[in-house]
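Trainee: Below you will find the structure I want to go over with you.
Every number here is computed from the coordinates shown, using simple stated rules; none is lab data. All of these numbers come straight from a predicted model, not from anything done at the bench. Cβ sites come from the backbone with ideal geometry, for glycine too, and all protein chains shown count toward neighbours.
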Amino acid sequence: MTTIVICADHGARRVAVPGTTVLSAPKLCWHPGQLAGLVPPEETSLVLALHGGDSATGRVQAAVRRIGFDPLGVGVVDLERIGDSRSLSIALAALSARIGAFPGSRPEQVKLVRRPTRTTRRSLLSLGPPAYTGAPAIDESRCVAHDGCRACVSACPADALTWGGGVVAYDKTACVACGICVTTCPTGAVVNPVVTPAAVEAEVRAAISASSEPIGIRYVCAGGPSPFVPGWHRVEVPCTGMIPVGWLLAPLALGAGSVTAAICRESECERGLSARTESTLADASTVLDAIGIGAARVEGDAPVPRPLAAPSAPSGLFDAGSTQRSIVALHEGFAPGPGFVALAAADTGSIEIDVATCTACEMCATVCPTDALRSANVADEVRIDFDPRSCVACGQCVTVCPEIDRGAIRLDRGFDVDEWRLGRREVRRERTARCELCGKPVAPAAMLARISAVLGDEHSGTLALIGRRCIDCRGR
Amino acid sequence: MSLARLGRLREGVYRFAAAGFSYPASELVDVAAGTVPVLDDLGLFDYAFALPVIEAAEALVVADLHDLEGAYAALFEAGVGGAACSPHATAYVADARRGEVAEAQAELRATYRGFGFGDDIGGGDMVDHVATELEVMARLCHDETRRRAENDDPAVAVRRQHEFLTGSLEPWITMFCRRVCDADRHHAYTALAAALHALVEHDRELVPLLLAPVGCE
């Protein structure tokens, strides 16, 4: 059961949220300690509606900690960003759903908030209790850094993540808690407790179902300057730079009329990621235009149009690979695809292999974190196939290709729904030389030919032996 | 919240954790019961490590001393194959086969002397025992608080905390806490390990901030 406590500082607001107990407390913002007498001890979830927030965050967090709640799992609605009771009801219902999906936090996932204008130790610790936010932690059982993946490392704007020896190391002090690593991880191995895909999906679904009228979804930076816009529900994320194209498309598939992300002005963006948000919005516009829905759905204009007819809404739409899943969900029932649609930064792509220069060494398939590229040795052949629906355009295949200088592999960012319909396709097939003694595979013929070309005639004897016998039989 | 008060709070929490990981004595329950009100007065709930610390104290208050002794022996005292979760830093960071243990212990002893602590630190426990290392951190926090109270420069004490955290505690304490949580069948030690992990993880971020020069707003 969830308890909602609303600050009644400027007059009580009457709202009802199904499945919750709604209480009101005078001057809760100034005296959060009164929560101890208000919230029943058996309560499992808590949502607070407060005026403003930033300066009170530390005090509020201390007060909720005192009654046994993890502050990162308590929802806070900013009453100054909510215009009317209807919007408040929707916000409270949505936040209740979001905290219902809170996974809990571990000590390494808790980070001190350093306010940008008050970074001195004296100001941090003498102006009141410190505030905390969520920080990412890597689930080693899901991380594929050992295969060479470093998608999170490349995306991190603060160099807080580094790759070495097949492991990603994280520096909490350098981290700016923007959340980009969460949405760029192709396997969902990076977990920040305050912004999990499941929690955001729960919030979006709840906001849509709580509204009887068409509703827009507006992603905003937590603590950012974004004002209230009637008809739009604000979904707070650490930074809108973390939003992938899929998170902009998914709400439309779930029944939102519009969706957008607030872009901070360059001078206001602490993390310098506003260009990234713009690029993601541009990609979402391109996708929607290409599949016939129209870019107006992501332009953020009020009033919000009616939702798309009969939206398809599978669960897990916000998980890793959300862009592909959302495009499929939105495209179902529409006209044939427009061919390949190029996108600037989206996490979806298509690869082409040049048969003339690829040696079928299988490195690309080995490092692919999502198994979009797979290889197998079948009979006397190496076969490499590719499923564009799984490609997250991380570029690892291109990075590791030893023949990249000769153009053996190319990655194009974008999508082609017709190609997706065809599913997995073979992109390379090469005969494998077999050991003359034991019959085991030795190497693809193209690779032996390439070695021969590199070594020249001088080493032809050695090459002949390498090509005829496997590594176990060469000494025999 | 003043920095001196924060220093006293951290000292109290380290001292509580040190008592918890020492061999269970009859006073332990009283220490646990008395700790919470004192730490609360010092602003415990303002900090992220509050809930695990409270949970650990509550678990110790209701624990039976004989059960605790049994759990302590099972977890931390060497059996045939060694302790399930050795409480000694050198078991994690030194290779006994290469004779590194004695060398590492000697280094620790030298570090303690450098901090101005006598050889009596840790009571009966070894220099690399978790309780001893936590006691060292408690004393360093105390030193910081004293310097602040006397309007002396606390930077030396804070630098020592940073040095000891990064050089001695951090390299092994997370692994130790994980092992305790995995192996413990007595809730008290799991709770204590969770509290210690939360405290060290918090200090990993806090202590460098305390070291930063005081600027102007």
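Trainee: Given labels modelled 7 Å from the Cα in the Cβ direction, how far is it in nm from A:Val167 to A:Ala313?
Mentor: 4.3 nm
Trainee: Looking at chain B, do any whole DSSP H helices span at least 15 angstrom along their long axis by alpha carbon and average -0.5 or above on Kyte-Doolittle, and which?
Mentor: B:3-21, B:28-41, B:50-61, B:65-76, B:170-183, B:187-211
Trainee: What distance in nm lies between label points placed 7 Å from Cα along the C-beta direction at A:Ser279 and A:Asp147?
Mentor: According to this spin-label approximation, the distance is 2.5 nm.
Trainee: Convert each backbone phi in the range A:235-241 into a coupling constant with the Karplus relation 6.51 cos²θ - 1.76 cosθ + 1.60 (shift: θ = phi - 60°), then list the ³J(HN,Hα) values in order as whole Hz, x for Gly and Pro.
Mentor: Once rounded to whole Hz, the list reads 10, 7, 10, x, 7, 5, x.
Trainee: Hey, another quick one. Under 13 Å from the 7 Å Cα→Cβ point of A:Ser85, by amide nitrogen: which residues of the range A:1-45?
Mentor: A:12-17
Trainee: Let me ask something else. Please work out the FRET efficiency for the pair B:Tyr23 and A:Leu23, using the Cβ-Cβ distance as r and a Förster radius of 41 Å; give the result to the nearest 0.05.
Mentor: 0.30
Trainee: May I ask you to list the aspartates and glutamates whose Cα is less than 19 Å away from that of A:Lys440, ignoring any residue fewer than eight positions away on the same chain?
Mentor: A:Glu362, A:Asp380, A:Glu381, A:Glu430, A:Asp472
Trainee: Also, quick follow-up: Antiparallel DSSP bridges in the protein assembly as shown: what percent, to the nearest 5?
Mentor: Approximately 55 percent, going by the DSSP bridge assignments.
Trainee: Place +1 on the Cβ of every Lys and Arg and -1 on the Cβ of every Asp and Glu in the protein assembly as shown, take the dipole about the Cα centre, and give the residue among A:Pro441, B:His202, B:Val156 whose Cα lies farthest towards its positive end.
Mentor: Highest projection toward the positive end goes to A:Pro441.
Trainee: Please average, across the residues of A:62-74, the number of beta carbons from any other chain that are within 10 Å of each residue's own beta carbon, and give a whole number.
Mentor: Average per residue, whole number: 3.
Trainee: Over chain A, calculate the relative contact order: mean separation of alpha carbon pairs under 8 Å at least 6 apart, over the residue count, as a percent.
Mentor: 10 percent
Trainee: Given Cα pairs under 8 Å that are at least 6 residues apart, what percent is the relative contact order of chain B?
Mentor: Rounded, it is 29 percent for chain B.
Trainee: Name the long-range amide H neighbours of A:Ile409: under 5 Å, sequence gap of 5 or more, or other chain; modelled H, no Pro or chain starts.
Mentor: Under 5 Å from the amide H of A:Ile409 lie the amide H atoms of A:Asp354, each far enough along the sequence or on another chain.
Trainee: Moving to a separate point now. Using alpha-carbon positions, what is the distance between the centroids of the range B:116-188 and the range B:1-56, in Å?
Mentor: Each part's Cα centre sits 14 Å from the other's.
Trainee: Could you tell me how many degrees, from 0 to 90 and to the nearest 10, lie between the Cα long axis of helix A:322-331 and the main elongation axis, the longest principal axis, of the Cα atoms of chain A?
Mentor: Computed tilt is about 90 degrees.
Trainee: Rounded to the nearest 0.05, what FRET efficiency do A:Ala295 and B:Arg159 give with R0 = 60 Å and r taken as the Cβ-Cβ distance? Could you check?
Mentor: Efficiency computed from Cβ-Cβ geometry: 0.60.
Trainee: Could you work out how far helix A:445-455 tilts from the main Cα principal axis of chain A, as a 0 to 90 degree angle to the nearest 10?
Mentor: 80 degrees
Trainee: Something else about it: Treat each spin label as a single point 7 Å out from the Cα along the C-beta direction, and report the A:Glu352 to A:Ser154 distance in nm.
Mentor: Computed distance between label sites A:Glu352 and A:Ser154 equals 1.9 nm.
Trainee: Follow-up question, since we're still on this one. Considering amide H positions built from the backbone, and no H for Pro or chain starts, which residues 5 or more places from A:Glu381, or on another chain, come under 5 Å of its amide H?
Mentor: Here A:Thr432 satisfy the definition.
Trainee: With just the Cα atoms defining each centre, how far is the range A:367-414 from the range A:238-262? Give it in Å.
Mentor: 29 Å
Trainee: Also, quick follow-up: Can you list residues whose amide H is under 5 Å from A:Trp232's amide H, if they're 5+ apart or on another chain and H is modeled 1.01 Å from N?
Mentor: Placed amide hydrogens put A:Gly216 under 5 Å from A:Trp232.
Trainee: Taking a spot 7 Å from the Cα of A:Val378 along the direction of its beta carbon, which residues of the range A:404-436 have an amide N less than 14 Å from it?
Mentor: A:424-432
Trainee: Compute the helix-to-body angle for A:245-254: its Cα long axis versus the longest principal axis of chain A, expressed 0 to 90° and rounded to tens.
Mentor: The angle comes out at about 60 degrees.
Trainee: What is the magnitude of the charge dipole of chain A about its Cα centre, with +1 placed on the Cβ of each Lys and Arg, -1 on the Cβ of each Asp and Glu, and no other charges, expressed in debye to the nearest 20?
Mentor: With Lys and Arg at +1 and Asp and Glu at -1, about 1060 debye.
Trainee: Can I ask one more? 222 nm [θ] for the protein assembly as shown, helices only, -39500 (n - 2.57) per DSSP H run of 4+, per residue, to 500?
Mentor: So the calculated ellipticity at 222 nm is -12000 deg cm²/dmol.
Trainee: How high is the relative contact order of the range A:17-76? Use alpha-carbon pairs under 8 Å, at least six apart in sequence, and give a whole percent.
Mentor: 40 percent
Trainee: Only Lys, Arg, Asp and Glu count, each charged at its Cβ (+1, +1, -1, -1), so figure out the dipole size of the range A:141-271 about its Cα centre, rounded to 20 debye.
Mentor: Using Cβ point charges on Lys, Arg, Asp and Glu, the range A:141-271 gives about 120 debye.
Trainee: When we measure straight from the Cα of A:Lys111, which lysines land under 18 angstrom away, once same-chain ones fewer than 8 places off are left out?
Mentor: In chain and number order, the partners are A:Lys172.
Trainee: Please report, in Å, the Rg and the Dmax of the range A:175-256, where both are computed over Cα atoms only.
Mentor: Cα radius of gyration and Dmax of the range A:175-256 are 12.8, 40 Å respectively.
Trainee: Here is a further query. Compare the Cα positions of B:Cys85, B:Leu165, B:Gly123 along the charge dipole of chain B (+1 at Cβ of Lys, Arg; -1 at Cβ of Asp, Glu; about the Cα centre) and return the one farthest towards the positive end.
Mentor: Sorting the options by dipole projection puts first B:Leu165.
Trainee: Projecting each Cα onto the charge dipole of the protein assembly as shown (Lys/Arg +1, Asp/Glu -1 at the beta carbon, about the Cα centre), which of A:Gly461, B:Thr111, B:Phe76 comes out farthest on the positive side?
Mentor: A:Gly461
Trainee: Per residue Cα convex hull volume for chain A, in cubic angstrom?
Mentor: Each residue corresponds to 173 Å³ of Cα convex hull volume.
Trainee: Let me ask something additional. Which value, in debye to the nearest 20, gives the size of the charge dipole of the range A:335-469 about its Cα centre, when Lys and Arg are +1 and Asp and Glu are -1 at the Cβ?
Mentor: 340 debye
Trainee: Now a separate question. List the aspartates and glutamates whose Cα lies under 15 Å from the Cα of A:Lys27, skipping any in the same chain that are fewer than 8 positions away.
Mentor: A:Asp9, A:Asp78, A:Glu80
Trainee: Let me ask something additional. Summing +1 for each Lys or Arg and -1 for each Asp or Glu, what net charge is found among the other residues whose Cβ lies under 14 Å from the Cβ of A:Cys397?
Mentor: -4
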